[in-house]
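Below is one structure, written out as structure tokens; comments come after it.
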Amino acid sequence: MSLSDSERVEMGDTPWFGDACSLVDAFRSGDRSPVEELDVCLAAIDASDRNAFTHLDTDAARANANAADVNLPFGGVPVAVKELEPVAGWPYNEASLVFADRVADHDSTQITRLRSAGANLFGQTAASEFGGLNVSITKLHGVTGNAWDKTRTAGGSSGGSASAVAGGLAPIASGGDGGGSIRIPAGFNGLFGMKGTAGRIPRGPEVLIGPMTVVVGCLARSVRDTARWFDACNGFDSRDPYSLPRIDGWERALDTHDLRGKRAVIAPTLGSAILRPEVEEIVREQGEALAKHAGLQLVDVPLTLPGLGFEWAVANLATLLVDLGDLWPACKDDLTMEIAFGLEMASGVMNLDIAATCERNRRAANEAMADVFDQVDFVLCATNPDVAYPAEVTLNTRVGSTTVGPENNGALTIPANITGNPACSIPAGSLDGLPVGLQIIGRHHEDALLFDLARIVEREHPWPLVVPNAPV
């Protein structure tokens, strides 16, 4: 993913348009410096109209750039951080007016490990309020635009990270995924987005365990960037008791796994999502091409993954009440309409019957997913049902013949969160000038196989690392 000399010359004073790994190589060779890279990123952000960033720590980042050890895995790389993740001394408002003045007093475990890997944390990216919707619209920060078209959604909740990385404003950025919040914006912005097996990267300290669907990771331009991120950040931490033991060599192991003969099913809708026909066609074509290049055996397996329904959504709001504490319900008017409505409704209907229904539904979802993976190694489907919809949309609506909006998106991504399976979104082409994502779901702990499948797509059908008119 390195750039030619002519491409470097053409870049001039613009940020690095290669992947983060090649930027580290450029630092080590002397073709680029951490200070220079930080300055051009800051200038590009200042000129951008995408509203991807909500905070910049310019002075500390410049000091870190001057002292960067480029021999470290991310040595000197300007890394953006999703605003839902605590960074000591930075705003920690969780994209909400309720906590507009709050400042983090600690780093997350992921941030601590990124610092040790040499990352230069320089700014926060926009998210949805408390990560509650897969859009990036808040009362505190407004609307974040897609890197390809600012009038279209960046997705969410890691929308600012996706828009920044695809738009040429930052080479890589952190993200989190509790129902598709890495994969959905990755799909909408033409990036690689990986949701590892639940617990792959610790979420502590002070982690809320429920609803046991959330993972953290990154939005990246290349597969190897994400593999290097896993190398830097994975491994058990006692403050997240469900985190997994460390595995070394994610980047080193790329392209080393034998995929031939493994079984895959192409199920664009996962049995329930309503897809735009053209998106379904792209997903099928790209899925078949990937199967051919990887030597996969395509099989026909009936697939319907149940959603967890109304009860699940209601029960999950309990973790938000932990965060809000005694500020609720007085803070209602400061919340976005959807979050306030959900809390009010949940407060009125939550009871033991609802909790029992949640557990029954989750058990059914786990059994359904396990049954699928008794028969296949991979499920290939769409990441999103359509290309990025209008940026102001926050609830499902009809656009032409397609239902667009957060709920329809979730039908494709939430199942892997419920069951904890690894899943990734890979750029699969475009429609109406906007990216389309191919999602692959794998067995628990077989994240490395998804990396290798994504690498095949990366080689056979290379995607643009940034939008054609970057930086934007």
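The values are calculated or read from the model by the stated rules, or taken from the named source; none is laboratory data. All of these numbers come straight from a predicted model, not from anything done at the bench. Note that we place each Cβ from the backbone using ideal geometry, even for glycine, and neighbour counts take in every protein chain shown. All accessible areas refer to the heavy atoms of the entire protein, side chains included, with ligands and DNA or RNA removed. Shrake-Rupley method; radii C 1.70, N 1.55, O 1.52, S 1.80 Å.
Some observations on this one:
- Residue in region 130-145 that is of a type in the set (Gly, Ala, Ser), buried (at least 24 other Cβ atoms within 10 Å of the Cβ) and under 26 Å from Glu36 (Cα atoms) present: no
- Restricting attention to region 306-337, the residues that are of a type in the set (D, E, K, R) and surrounded by fewer than 17 Cβ atoms within 10 Å (Cβ to Cβ) total 4.
- Which listed residue is out of contact with any Leu (no Cβ under 8 Å at 6 or more places or on another chain), at pLDDT 95 or above and part of a loop (DSSP other than H, G, I, E, B), from Asp59, Asp49: Asp49
- Test result for Gly420, under 29 Å from Asn366 (Cβ atoms) and either open to solvent by less than 10 Å² (accessible area, probe 1.4 Å) or in contact with a strand residue (DSSP E or B) (Cβ under 6 Å, 6 or more places away or on another chain) (or both): yes
- None of Leu259, Leu290, Leu270 is in contact with a Gly (Cβ under 8 Å, 6 or more places away or on another chain) and closer than 19 Å to Phe378 by Cα except Leu259.
- Meets criteria (over 24 Å from the mean Cα position of the chain (by Cα), of a type outside the set (Val, Ile, Thr), over 30 Å from Leu343 (Cβ atoms) and buried (at least 18 other Cβ atoms within 10 Å of the Cβ)) for Leu303: yes
- Residue within region 246-258 that is under 28 Å from Ala411 (Cβ atoms), surrounded by 15 or more Cβ atoms within 10 Å (Cβ to Cβ) and touching a residue at least 24 places away in the same chain (Cβ under 8 Å) present: no
- Among the residues of region 27-59, those identified as under 26 Å from Ala104 (Cα atoms) and acidic (Asp, Glu) are Asp39, Asp46, Asp57, Asp59.
- Taking every residue in region 378-407 that is assigned to a strand (DSSP E or B) and at pLDDT 95 or above and pairing it with any residue that is hydroxyl-bearing (Ser, Thr, Tyr) and surrounded by fewer than 22 Cβ atoms within 10 Å (Cβ to Cβ), at least 6 positions away or on another chain, the pairs with Cβ-Cβ distances below 8 Å are Cys381/Thr269; Ala382/Thr269; Pro390/Thr151.
Condition check ((1) assigned to a helix (DSSP H, G or I); (2) free of Cβ contacts under 8 Å to residues at least 12 places away in the same chain) across all residues:
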site	(1), (2)
Asp300	no, no
Leu305	no, no
Trp312	yes, no
Asn316	yes, no
Gly325	yes, yes
Pro329	no, no
Glu338	yes, no
Glu344	yes, no
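- Residues in region 126-145 that are assigned to a loop (DSSP other than H, G, I, E, B) and within 20 Å of Leu56 (Cα to Cα): Ala126, Ala127, Ser128, Ser136, Lys139, Leu140, His141, Thr144.
- Restricting region 62-89 to residues that are of a type in the set (A, V, I, L, M) and part of a strand (DSSP E or B), the residue that is nearest to Trp229 (Cα to Cα): Val79
- Filter result (open to solvent by 10 Å² or more (accessible area, probe 1.4 Å) and in a helix (DSSP H, G or I)) within region 96-120: Leu97, Val98, Phe99, Thr109, Thr112, Arg113, Arg115, Ser116
- Whichever residue in region 203-221 is touching a Ser or Thr at 6+ places or on another chain (Cβ under 6 Å) and not in a loop (DSSP other than H, G, I, E, B) and, among such residues, is surrounded by the most Cβ atoms within 10 Å (Cβ to Cβ): Leu219
- Whether a residue is closer than 20 Å to Gly217 by Cβ and part of a loop (DSSP other than H, G, I, E, B) was assessed, and Leu169 passes this test.
- Restricting attention to region 222-238 and to residues that are assigned to a loop (DSSP other than H, G, I, E, B) and closer than 14 Å to Arg113 by Cα, the residue that is farthest from the chain's Cα centre (by Cα) turns out to be Phe236.
- Filtered by the rule that a residue be buried (at least 24 other Cβ atoms within 10 Å of the Cβ) and polar (S, T, N, Q), region 172-202 gives Ser174, Ser181, Asn189.
- From the options Gly155, Gly123, residue that is buried (at least 24 other Cβ atoms within 10 Å of the Cβ) and assigned to a strand (DSSP E or B): Gly123
- Any hit, region 217-239, residues being in contact (Cβ under 8 Å) with a residue 40 or more places away in the chain, among the aliphatic types (A, V, I, L, M), under 28 Å from Ala368 (Cβ atoms) and in contact with a Lys or Arg (Cβ under 7 Å, 6 or more places away or on another chain): no
- Region 261-272 - residue that is open to solvent by 10 Å² or more (accessible area, probe 1.4 Å) and out of contact with any Lys or Arg (no Cβ under 9 Å at 6 or more places or on another chain) and, of those, nearest to Ala368 (Cα to Cα): Gly271
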